[in-house]
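See structure below.
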Amino acid sequence: MDMQPIKARSGNHNLENYEQTYNNFKWDETKKNFSWSETGKINIAYETIDKHAEDPATKDKAALIYSSPDREETLSFDQLKRKSNQFANVLKKHDIEKGDRVFLFMHRSPEFYAAFLGILKTGAIAGPLFEAFMEQAVRDRLEDSEAKMLITTPDLLERVPQSELPNLEKIILVGDSGSDEYISFEKEMEEASEEFDLEWVELEDGMLLHYTSGSTGKPKGVYHVHNAMIQHYQTGKWVLDLKDDDVYWCTADPGWVTGTSYGIFAPWLNGVTNVVRGGRFSPDDWYGTIAEKNVSVWYSAPTAFRKLLSAGEDAAQKHDLSSLRHILSVGEPLNPEVITWGLKAFDLRIHDTWWMTETGAMLICNYPSVDMRPGSMGKPFPGIEAAIVDNEGNELPANQMGNLAIKEGWPSMMRAVWNNPGKYESYFINGWYVSGDSAYKDEDGYFWFQGRLDDVINTSGERVGPFEVESKLIEHEAVAEAGVIGKPDPERGEIIKAFITLRDGYSESDELLEDIRQFVKNGLSAHAAPREIEIKDTIPKTRSGKIMRRLLKSWELGLPTGDTSTLEE
Ligand code: WTA
């Protein structure tokens with residue numbers, strides 16, 4: 001679908017002149033907004049919450065508006081400061097030190113946000129886990145990070161294989177467990193002081209681990225430092241276009257990077273009221289959230305927009321959505337069809353943004369004051385140098401497809417892959433961070449996403465590594481070999497499709513396939529379970545034994561199979 005550019009609407013935007021700003025901007029300018037640029041004392045939790053709590057003008061302003069089918073709660077900056085202080089005291093009491101990994105495995109709730117900020121206040125490193133993870137996914141992450149403490153809820157506890165995690169010293173349970181075996185969040189909080197002597201850290205000290213999937217091996221711990229706040233703050237201002245009286249809603253779960261960088265840091269660094277919605281997706285609840293909370297800035301994902309689109313116009317018309325003034329998207333290609341729908345449904349453009357777990361914050365974006373070319377991810381953020389490079393890291397001319405790459409050294413860049421320096425190094429070629437996405441840049445500097453260059457699957461905006469799914473599949477008693485690919489899907493972007501061979505003695509049946517599907521779902525997580533499973537006589541492999549997922553994909557899509565010279569006999 002080829003669409004005309006959509007003109008920027010005039011308005012009072014934080015970033016008025018993109019070109020001029022891009023040509024002149026230096027990150028040092030952003031630093032002046034932080035008190036640490038003078039005091040030298042740094043902690044991202046201070047800048048997100050305490051700073052606003054200390055200011056009489058914002059002390060009682062709503063920081064968090066939490067809303068779920070069974071709970072409504074609002075916390076001011078002052079209240080969130082006190083609660084996170086209390087939790088930091090709890091952590092200190094239980095011997096948490098700067099640099100320790102403290103993981104959170106729980107549903108979105110006010111307690112989650114207080115705990116997360118409390119962890120940062122002690123100088124420890126927070127590791128939020130997606131609530132849908134099952135036992136193996138939880139184990140892999142706690143094991144690799146050598147987490148010392150976990151905060152979870154009674155209903156998720158059974159997915160934590162405690163006996164296999166020797167480094168995990170303590171578990172804090174949120175919600176009554178009825179047992180003395182674990183530390184009670186409520187009891188400890190009641191006893192804890194609301195005053196806390198914050199651990200001041202260096203800009204380059206660690207604060208966050210997000211595990212993410214590549215095409216090989218287990219998920220990797222992407223390590224972020226306090227310095228990322230510079231970019232969270234500035235992108236919040238210029239891309240989210242946040243202003244003091246905005247009510248902002250980011251729909252992402254804090255188990256994924258969007259839910260921390262833009263569900264916690266960007267809005268609060270900018271002192272803006274942040275809506276968090278718990279519970280499952282439903283068009284009525286989502287539109288209802290916008291209407292009831294008067295959401296003005298909304299950051300979501302193509303999958304969600306596509307679901308709302310298919311729910312029809314009636315679903316939207318039941319609600320007053322007139323508070324909305326700015327909408328953004330991330331995680332997958334944003335179809336021009338969705339943008340057209342957005343113009344009709346909200347009378348607003350949906351602004352695509354591109355970035356990754358590893359990049360920590362937005363890098364290529366559409367801005368309110370810039371004309372938009374539907375289907376394009378937009379232009380690099382000021383201070384960011386983006387290019388299309390070949391495999392040796394040489395820049396390619398306009399309109400040529402290649403590796404989407406970013407010049408090393410932006411503020412929120414990951415600083416390590418946990419326990420895996422080789423993996424970290426492998427991202428960089430010739431001074432460029434190479435993203436693994438293919439794209440091209442047009443002659444006017446707009447970037448256009450083309451696809452992944454590796455086998456990573458993007459299903460409903462969630463990154464899934466085929467290796468993880470394959471490993472789980474072959475643990476099933478009936479499965480001999482497995483190859484997993486992403487298959488294009490109109491609503492989810494991609495779905496997970498598995499090709500398997502059966503062990504002797506097993507034959508194909510609907511029950512068996514469903515059993516295998518459930519096995520992956522119960523072992524890893526619902527979003528990693530294959531929606532389609534096809535039984536084959538053999539799985540194509542290279543002579544060195546690597547599964548040829550590309551060939552599986554070509555078969556699936558009915559495409560030419562290309563070079564198969566490395567195929568095993
Ligand atoms: C994909 C999410 C097309 C891309 C913040 C990237 C996108 C991966 C876009 C990172 C976009 C993200 N258009 N594709 N606007 N944004 N992606 O680490 O393949 O969960 O490499 O970070 O999602 O996913 P991750």
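So here's what we get for this one:
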item	result
Rel. contact order, % - alpha carbon contacts under 8 angstrom, at least six apart, the stretch 388-461	32
Dipole of the chain, positive end: most advanced residue of Tyr440, Ala361, Ala53 [Cβ charges, Cα centre]	Tyr440
Extreme residue, positive dipole direction of the chain, given options Tyr66, Phe103, Ile42 (C-beta unit charges)	Ile42
Length released on extending from Glu158 to Glu72, taking residue separation times 0.36 nm less the Cα-Cα span	28.2 nm
Antiparallel content of DSSP bridges confined to the stretch 427-569, in %, to 5	85
Inter-centroid distance (Cα atoms) of the stretch 404-428 relative to the stretch 473-540, Å	33
Size of charge dipole - the stretch 395-448 - debye, nearest 20, with Cβ of Lys, Arg +1 and Asp, Glu -1, no other charges	320
Spin-label model distance (nm) - Glu143 vs Thr561, 7 Å beyond Cα toward Cβ	3.6
Nearest-0.05 FRET efficiency for Asn23 and Asn394, computed from C-beta distance (R0 22 Å)	0.35
Bridge type composition, the stretch 1-136 - antiparallel percent by DSSP, nearest 5	55
Size of electric dipole in the stretch 407-545: Cβ of Lys, Arg +1 and of Asp, Glu -1, about Cα centre, debye, nearest 20	520
Added length on full extension, which subtracts the Cα-Cα distance from 0.36 nm per residue, Glu16 to Arg531	180.9 nm
Exposure ranking of Tyr22, Tyr506, Tyr248 by accessible area [1.4 Å probe, largest first]	Tyr506, Tyr22, Tyr248
When each of Lys51/Lys243; Lys31/Lys293; Lys32/Lys441; Lys83/Lys170; Lys81/Lys293 is checked by Cα-Cα distance, pairs over 28 Å	Lys31/Lys293; Lys32/Lys441
Residue-level accessible surface for Asp320, protein heavy atoms, 1.4 Å, Å²	100
Residue-span extension gain [Asp454 to Met401] - 0.36 nm each, minus C-alpha spacing	17.6 nm
Test item: Cα-centred dipole of the stretch 314-455, Lys/Arg +1 and Asp/Glu -1 on Cβ, debye	420
Two-site FRET efficiency, Arg543 against Ser282, from Cβ-Cβ distance with R₀ of 56 Å, rounded to 0.05	0.65
Between the stretch 51-66 and the stretch 262-331, the alpha-carbon center distance in angstrom	22
Candidate residues Arg82, Arg108: accessible-area rank, largest first, probe 1.4 Å	Arg82, Arg108
Förster-model FRET efficiency, 25 Å R0, Thr216 and Ser438, C-beta, rounded to 0.05	0.85
Accessible-area order (highest first, 1.4 angstrom probe) of the listed residues Trp256, Trp249	Trp256, Trp249
At most 16 other Cβ within 10 Å, DSSP loop - GluC sites (Glu not before Pro), the stretch 186-234	Glu194, Glu195, Glu202, Glu204
Residues of the stretch 101-127 with amide N under 20 Å of a point placed 7 Å along Cα→Cβ from Glu204	123-126
Highest-first arrangement of 168-174, 31-37, where packing means the average Cβ count within 10 Å	168-174, 31-37
Beta bridges per DSSP with both ends in the chain, % antiparallel, nearest 5	60
Computed helical MRE - 222 nm, the chain, DSSP H runs ≥ 4 contributing -39500 (n - 2.57), nearest 500	-7500 deg cm²/dmol
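The values are calculated or read from the model by the stated rules, or taken from the named source; none is laboratory data. Note that the structure is a prediction, hence the values are computed from the model and not measured. Ideal geometry is used to build each Cβ from the backbone, glycine not excepted, and the neighbour counts take in all protein chains shown. All accessible areas refer to the heavy atoms of the entire protein, side chains included, with ligands and DNA or RNA removed. Shrake-Rupley method; radii C 1.70, N 1.55, O 1.52, S 1.80 Å.
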